[in-house]
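Below is one structure, written out as structure tokens; the observations come after it.
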Amino acid sequence: MTTVATESTVRTTPMNPFAPRADLKVWMGTEVVPVSEARVGVFDHGLLYGDGIFEGIRIYNGRIFKEAEHIRRFFESAKAIRLELPMTGEEISAAMYETMRANGITGDGYIRLVCTRGVGLLGISISHTACPMLIVIADKIALYPPEVYERGLRCIVSSVVRNNANSTSPRVKSLNYLNNVMAKLEAKDAGADEAVMINDEGHVSECTGDNIFLVRYGELLTPSPAEGILEGVTRSVVMELARRRHIPVSEKVLIRHDLYIADECFATGTAAEIVPITEINKRMIGDGKPGPITRMLMQDFVAYRNEE
Ligand code: PMP
């Protein structure tokens, strides 16, 4: 049978320039399938209510970076929302490596691990859902172009208030990223690269998809998990790398003013790694260039991830 493109099919299926590669393979539930068959049901509560969790993980030199830490956080997110993961940590690891193999990833790459609450009845009750759906996508990622690491990010402080840590905690890497999406949108509308988010006490929390660090008087400062942040895997690595360099590190309450008067500032995350921040609300940070401690940690991070 030949399919004829009618006006209505053309209208409902526009060419998406961001569509995944047609030959991509995705782990869906129990096996790897072609991306064209990787579908989530419209009754899945992940879609209907953002009811589910995820992880973003790096692959360096064919190995999953900080795998145990990511799997642990995935299980902690699941526990917090009472989502029973359908696989053990070992099985998830095996599924990730199988998905990498299916896509021929032997060098660097990125894994998106997702578990949705699964298909259920309409209505938000989790007792009306049965089968959580575990998904593994293994692909490439490039968050920022190389020049951004040279010039640094230009940020705004967002008017979108970070979710209260006693609401659905930002420590849960949930499928509810709308708050972060809105803050990122505000940054783009303002002509900036990123947004720093303030919590409802007026304290700095983090960026929309990265943790934030400041340097002042040679000391590294970052908000504590109580401020409504994700406890980033990269954040922990950076704190460890700083200690190895005998740079004092502390979790501290920070406000907008601390951002403006910082000597250096940078963001950390799995996709971004360490990226300098050189402007916040039109205030130049330090001398407007990535600072010496930031640069040193960026170099140390590259060495660390290549050794791991
Ligand atoms: N904060 C948020 C909101 C995130 O989504 C992420 C992950 N992209 C991070 C911080 C950084 O965490 P990690 O270093 O574990 O990637």
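The values are calculated or read from the model by the stated rules, or taken from the named source; none is laboratory data. Quick caveat, the model's predicted, so the values are computed rather than measured. Glycine gets a Cβ as well: all are built from the backbone with ideal geometry, and neighbour counts include every protein chain shown.
Evaluate the range 54-67: report whether one residue or more is assigned by TED's automatic domain parsing to the domain that holds T129, in a helix (DSSP H, G or I) and at pLDDT 95 or above. Yes, the range 54-67 contains at least one residue that is assigned by TED's automatic domain parsing to the domain that holds T129, in a helix (DSSP H, G or I) and at pLDDT 95 or above. Contact map, the range 192-213: first residue touching a residue at least 24 places away in the same chain (Cβ under 8 Å) and hydroxyl-bearing (S, T, Y), second residue more than 7 Å from the ligand (Cβ to nearest atom) and assigned to a strand (DSSP E or B), Cβ cut-off under 7 Å, separation 6 or more or different chains; pairs are S205/M197; S205/I198; T208/E194; T208/A195; T208/M197. Candidates are the residues of the range 197-211 that are touching a Lys or Arg at 6+ places or on another chain (Cβ under 8 Å) and within 16 Å of R235 (Cβ to Cβ); the one that is farthest from the ligand (Cβ to nearest atom) is V204. Restricting the range 278-305 to residues that are crowded, with 18+ Cβ neighbours inside 10 Å and acidic (D, E), the residue that is farthest from the ligand (Cβ to nearest atom) is E279. Criterion applied to A142, A102, A138, A68 was being over 17 Å from the mean Cα position of the chain (by Cα) and among the small types (G, A, S), and the one residue passing it is A102. Among the residues in the range 24-39, are any within 25 Å of N176 (Cβ to Cβ), at pLDDT below 95, surrounded by 13 or more Cβ atoms within 10 Å (Cβ to Cβ) and of a type outside the set (A, V, I, L, M, F, W, C)? The answer is no, given that none of the residues of the range 24-39 is within 25 Å of N176 (Cβ to Cβ), at pLDDT below 95, surrounded by 13 or more Cβ atoms within 10 Å (Cβ to Cβ) and of a type outside the set (A, V, I, L, M, F, W, C). Taking (1) under 30 Å from E194 (Cβ atoms); (2) at pLDDT 95 or above in turn, K140 satisfies each apart from (2). Of the residues making up the range 68-99, those that are crowded, with 20+ Cβ neighbours inside 10 Å, in contact (Cβ under 8 Å) with a residue 24 or more places away in the chain and in a helix (DSSP H, G or I) are H70, R73, F74, S77, I92, A95, M96, T99. On the stretch given as the range 226-250, residues that are surrounded by fewer than 21 Cβ atoms within 10 Å (Cβ to Cβ), within 11 Å of the ligand (Cβ to nearest atom) and more than 17 Å from D300 (Cα to Cα) total 1.
Could you tell me which numbered condition V275 fails, if it satisfies all but one of (1) farther than 21 Å from S158 by Cβ; (2) within 16 Å of the ligand (Cβ to nearest atom)? Against the list (1) farther than 21 Å from S158 by Cβ; (2) within 16 Å of the ligand (Cβ to nearest atom), V275 comes up short only on (1).
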